[in-house]
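The values are calculated or read from the model by the stated rules, or taken from the named source; none is laboratory data. Quick caveat, the model's predicted, so the values are computed rather than measured. Here the Cβ positions follow ideal geometry from the backbone for every residue, glycine too, while neighbour counts run over all protein chains shown. The protein model used for the area step is the full one, side chains on, heavy atoms only, and it has no ligands, DNA or RNA in it. Shrake-Rupley method; radii C 1.70, N 1.55, O 1.52, S 1.80 Å.
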Amino acid sequence: MSDRPSGDATPASIVDALKAVAGNPPKVRASFAKGWCVRGTYTPSDRAGDITRSQSFTRPSRVLARFSVGGGNPNVADTNNLVLRGFGFKLGDDEHRSDILVESAPVHFARTLDQMLAFLEARIPGLDGKPDMTKVKAFSAANPETLNQANYIAARALPGSLAGTTYWGVHAFPATNELNETRFIKFKVVPAGGEITLSEDDARAKPADFLHDDLGTRIAAGHVRFNVMALLDRPGDPTMDVTMRWPEEDSRDEVRLGTIVITGFEPDQACDASIFNPANLADGIGHPPDEIFAARRAAYTISLAKRR
Ligand code: HEM
C-alpha cells in the first residue's frame with residue numbers, strides 16, 4: 001500500500017507533480033503535452049440507441065479532436081514506447097456535446113489520488129535530471145498494480161501511426177438507453193483500417209518526430225477512420241479500480257456506437273483555448289463512480305489555467 005497518509009492528494013498537487021516529472025516546461029499541458037488538433041465527422045450506427053440515449057452518440061455531428069503523445073514534455077520523441085498515445089474528441093450538437101478522452105492502454109497507473117501522487121513523486125527527477133530508480137522500484141514493489149499500465153504498453157510494439165492505434169476510455173461509464181435501461185460500458189476506439197505498429201528495426205530508423213506527417217498523409221488519403229465501440233459489462237465487474245481490466249475484457253460483447261472520420265488539421269489554438277473535459281457528458285452517459293474520474297475535471301482546468 002502507498003506509504004502516504006490518505007486523503008491529502010488534490011487535483012492541484014497532482015498537476016504540480018505531473019509538471020515536475022516533466023521538468024516544469026512552461027505553457028503546455030501537464031499531460032499529453034505534445035499533440036495536434038484535428039476535425040472530422042461522427043456517424044452513429046443503428047444500434048447506438050440500444051446502448052445509450054445520449055444524442056452525442058445517436059446523432060451525426062461535427063467532431064473536434066486532438067491526437068497526442070503522453071507525458072508533460074512537449075518534445076517527447078514519437079519513438080518513445082514508454083509513454084501513451086492519446087485521443088480526445090468532442091462530438092454531438094451544441095445542446096448535446098460530449099467530450100471523450102481515450103488513451104492507448106485500458107488501465108490507469110493508479111487506483112487512488114494518493115497513490116497517483118506518490119507514483120509521480122517517486123518519479124520526479126533529481127539534480128541529475130533523472131528519477132531515483134531505487135525509489136521507483138521500492139514504490140512499485142509496495143504498489144504492484146501501478147505497473148499494470150506500463151506493462152501493457154511494454155508488451156506491445158511501438159505505435160506506427162496515431163491513425164492505427166487502439167484507444168481506451170479506461171473507466172466504467174454508466175450508459176442509459178432509450179428504454180431507460182442502465183448498464184456499465186467501457187469505450188474502445190478502434191482504427192477501421194487495423195493496427196499499425198513498428199518493429200524495433202523500423203522504429204530505430206524513424207526520426208523523433210514522424211507522427212504528424214504520417215497523420216497528414218493518411219488524412220489526405222481519407223484513411224483516418226475509427227469505430228467507437230462500447231464494451232458491455234457482466235454482473236460483478238469491478239467499476240471502482242481503474243488499474244484493473246474486466247475479466248476476459250478482450251472477448252467481451254461489444255456494440256459499435258458509430259464511426260469517426262478525421263478530415264483535416266485544425267489550428268492548435270482551436271484545441272488549446274479550452275480543455276477536453278472528461279466530465280462533459282450529455283444525458284445518457286453518466287460519470288464513472290471511481291475516485292480517479294472525480295478528480296479529472298479539476299486537474300484539467302488547473303492545467304489550462306497554468307498554460308494560458
Ligand atoms: C484514467 C484515465 C485518463 C485518461 C484516459 C486520460 C486521457 C487524457 C488525454 C487524452 C489528455 C489530452 C487531452 C487534450 O488533448 O487536450 C489528457 C490530458 C490531461 N490529463 Fe488525463 N487522462 C486520464 C486520467 C487523468 C488523471 C487521473 C489526471 C489527474 C488527476 C489527468 C490529468 C490530465 C491533465 C492535467 C491533462 C492536460 C489537460 C489540459 O491542459 O488541457 N488525467 N488526459
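Observations
- Assuming charge only on the beta carbon of Lys and Arg (+1) and of Asp and Glu (-1), the dipole of region 11-307 about its Cα centre is about 560 debye to the nearest 20.
- Whole-number D in µm² s⁻¹ for region 128-237, Kirkwood Cα-pair radius fed into Stokes-Einstein, 37 °C, 0.692 mPa s: 188
- Charge dipole (debye, nearest 20) of region 88-221; +1 at Cβ of Lys and Arg, -1 at Cβ of Asp and Glu: 420
- The antiparallel fraction among DSSP beta bridges confined to region 11-307 stands at about 100%.
- The Cα atoms of region 133-188 define a convex hull whose projected area, averaged across directions, is 6.4 nm².
- Other-chain or far-sequence residues with amide H under 5 Å of Thr197's (modelled H): Gly160
- GNM result for the chain, Cα springs below 10 Å: residue of Ser56, Ser161, Ser199 fluctuating most strongly: Ser199
- A crude spin-label estimate for the pair Thr197 and Asp250, with each label 7 Å from Cα along the Cβ direction, gives 0.9 nm.
- Computed per residue of the chain from DSSP H runs no shorter than four, each worth -39500 (n - 2.57), the mean residue ellipticity at 222 nm is -7500 deg cm²/dmol.
- A straight chain from Ala270 to Arg234 at 0.36 nm per residue would run longer than the Cα-Cα distance by 9.0 nm.
- The heavy atoms of His287 present about 90 square angstrom of accessible area, all protein chains included, probe 1.4 Å.
- Hypothetical label at Asn180: residues of region 57-76 whose amide nitrogen lies under 20 Å (7 Å Cα-Cβ projection): none
- Distance between region 98-174 and region 214-255 - C-alpha centres, whole angstrom: 18
- Accessible surface of region 11-307, 1.4 Å probe, proportion on carbon and sulfur as whole %: 53
- Lysine pairs within the chain, Cα separation less than 19 Å, 8 or more sequence positions apart or different chains: 11
- Evaluated over the chain, the Cα radius of gyration and Dmax, each in Å: 18.8, 59
- Between Pro288, Pro44, Pro144, the Gaussian network model of the chain with springs among Cα atoms under 10 angstrom shows the greatest mean-square fluctuation at Pro144.
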